[in-house]
Amino acid sequence: MKPPRYSPIGDSGEGSVMLNEAVNLENSPGADGGPERRVRDRGATERAILAAAKGLLAEEGFQNFGINAVARRAGCDKQLIYRYYGGLDGLVEAIGADLGTWVKDRIPEDAGGMFLLTYGDLMERLSLLLLDALRNDPLMRRILAWEISENTEQVRRLSEARSKALALWLERMRGSLAPPKGVDAAAVNAVIIAAIQHLVLAAAAGGQCAGLSLKTSKDWEKAATALKRIVRGVYG
């Protein structure tokens, strides 16, 4: 499944709105009667650059990821990327930090109306939220694919940032909940998360996984039901 196109700056898409907000012209001349003064909102410009970088990664991958390409998509001078992010490595670091926010936004730290009385309750909620979040995020799917196909410093940094954010979520939510005795929770959770990730990647690539169709909402309900049964089979 080809990820959705991100509108470059200059179009009517989100990126265009962000940069339009970032750069404004004062309507009144200066006190000395001089020309209108250009005012830049650094925060909005940084957000526009970050959004452009994430969109480029989601569509093109690291092969075409560079300062010039990001600047073109953001509709800004490339010197601003060096000024605000210190270059490409700093931009990758910013994307990694943003992945921590992604976990907080997509996997809320609340019970969602459920009573989390057991470790099984907790893992069921995490599994279902993660499944839904990954299905709806092309960049995160890209990162997952890179993790198993590329061994570069940039990919490792993004992968580690996502894994750390997910582990912190589980630690904060777990509280006093503990897995059943004799269960290697770290190993089981790794297998569950790997299964979720593979389902999402297989669906994006071919709409099915091991003969299970993953195209419609009903298909995904079947997958979610199977996932819950696996979690409960281990954790009760």
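The values are calculated or read from the model by the stated rules, or taken from the named source; none is laboratory data. Keep in mind it's a predicted model, so treat the numbers as computed, not measured. Every residue, glycine among them, receives a Cβ derived from its backbone with ideal geometry; neighbour counts consider all protein chains shown. To get the accessible areas, we keep the full protein, side chains included, count just its heavy atoms, and leave off ligands, DNA and RNA. Shrake-Rupley method; radii C 1.70, N 1.55, O 1.52, S 1.80 Å.
Here are some notes:
- Extension reserve of the residue 164-residue 181 stretch, reckoned as 0.36 nm per residue once the Cα distance is removed: 3.6 nm
- The stretch 190-235, accessible area per residue, ligands and nucleic acids excluded (1.4 Å, Å²): 56
- A simple spin-label model places the labels of residue 41 and residue 228 4.3 nm from each other, with each point 7 Å out along Cα-to-Cβ.
- Rg over Rh for the stretch 36-183 works out to 1.07, both radii taken from alpha-carbon positions and Rh defined as the Kirkwood radius.
- Spherically averaged projected area of the stretch 35-108 from its Cα convex hull (nm²): 5.8
- Once all protein chains are placed together, residue 230 keeps about 100 Å² accessible to a 1.4 angstrom probe.
- The stretch 167-199 versus the stretch 96-157: alpha-carbon centroid distance in Å: 12
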